[in-house]
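Here is the structure we will look at.
The values are calculated or read from the model by the stated rules, or taken from the named source; none is laboratory data. Keep in mind it's a predicted model, so treat the numbers as computed, not measured. Using ideal geometry, Cβ is built from the backbone for each residue, glycine included, and neighbour counts are taken over all protein chains shown.
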Amino acid sequence: MNLVSLPTGADLLSFLGWSASARNVALAGEHVEHVTELAQAYTRGRGFEGELVDAAIARVIVGAAARSVSNPANAYRLEAGTVTATPARFEGWTLAEQTVLNRYRVRTN
């Protein structure tokens, strides 16, 4: 395993190229923390060692947190004729993220 420090809000801002204002750091930190918890639960803790995480999982965390902080409520509008819907929930991992996380997930045979 290639362990690195858990991603931070500052790491996410750097990835996005956003300014490191106090508000942005706090907001990004919340999203990174949330996604980190989801990743840790998904892998059942595999790939995590205290404040360290495998580099591949760290990249998944930053990528998913980037989507989350950029559109926190998944607030896009779907329109079809006269029907309009605005989903507002976590949609889950992308296929690429899930492929990485599945390498660490314990599964039954």
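Report, by residue number, each residue of the stretch 4-37 that is charged (D, E, K, R) and either crowded, with 19+ Cβ neighbours inside 10 Å or over 20 Å from TRP93 (Cβ atoms) (or both). Before the answer, list the steps.
At the first step, the residues of the stretch 4-37 found to be charged (D, E, K, R) are 11, 23, 30, 33, 37.
Across the stretch 4-37, the qualifying residues are ASP11, ARG23.
Pick from the stretch 38-59 the residues that are small (Gly, Ala, Ser) and assigned to a loop (DSSP other than H, G, I, E, B): which of them is surrounded by the most Cβ atoms within 10 Å (Cβ to Cβ)?
Once the filter is applied, the top-ranked residue is GLY47.
Kindly provide the set of residues from the stretch 93-109 that are assigned to a loop (DSSP other than H, G, I, E, B) and surrounded by 11 or more Cβ atoms within 10 Å (Cβ to Cβ), ordered by number. Write out each step before concluding.
Going through the stretch 93-109, the residues assigned to a loop (DSSP other than H, G, I, E, B) turn out to be 93-94, 103-109.
Result: TRP93, THR94, ARG103, TYR104, ARG105.
Can you spot a residue in the stretch 60-70 that is modelled with pLDDT under 95 and more than 15 Å from THR94 (Cα to Cα)?
Looking for residues that are modelled with pLDDT under 95 and more than 15 Å from THR94 (Cα to Cα), one finds at least one in the stretch 60-70, hence yes.
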